[in-house]
């Protein structure tokens, strides 16, 4: 144990190696899956820097797995075009198949949804079979009726979830 170097460079190199390995494993899971979907969340951090985090969901074995695909600062801006370019660069850099992208879910941020949003349109150009929705809309649909809420609670119980209820989406911005 005493012969192992504990310099800053060693720690940095090991952390970078571990991060690269984890990313490689996630990319391989996505490539091996028949389909994948992405979820985007754009927000501003404490120093007013726009951040984009993209989650990927895919089927691994018999379960749906969700992982963070990447996180990136959006220096140029938070337009749909900027977000699309970020996603497109990631898909192409990691050699993922656009035809396997079947879903997009957003947090309801104006840059990601709305009449003027081109994000879903541009992604649908890559794969016309893709669907898109806002998590806010999904949550509010479930909470719109007592029956939907009970059915969703039943699903939670069937899946042995730690959570038992779904809260309404609220704006915090």
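Derivation of every value follows stated rules applied to the coordinates shown; laboratory data play no part. Because the structure is predicted, anything quoted here is derived from the model rather than measured. Backbone-built Cβ (ideal geometry, glycine too); neighbour counts: all protein chains shown.
Below are the figures for this structure:
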| read-out | value |
| --- | --- |
| Peptides 14-22, 39-47 ordered by average Cβ neighbours within 10 Å, highest first | 39-47, 14-22 |
| FRET efficiency for residue 162 and residue 18, using Cβ-Cβ distance with R0 set to 35 Å, rounded to 0.05 | 0.80 |
| Length gained when the stretch residue 148-residue 47 is fully extended (0.36 nm per residue, less Cα-Cα span) | 32.4 nm |
| Taking 56, 118 and counting other C-beta atoms within 10 Å, the order from fewest to most | 118, 56 |
| Stretch gain in nm, segment residue 95-residue 71, where the contour uses 0.36 nm per residue and the Cα spacing is subtracted | 6.9 nm |
| Shape category assigned to segment 8-134 from the gyration tensor of Cα positions, a/c cut at 1.5 | oblate |
| Cα→Cβ-extended label distance, 7 Å offset, between residue 7 and residue 126, nm | 4.1 nm |
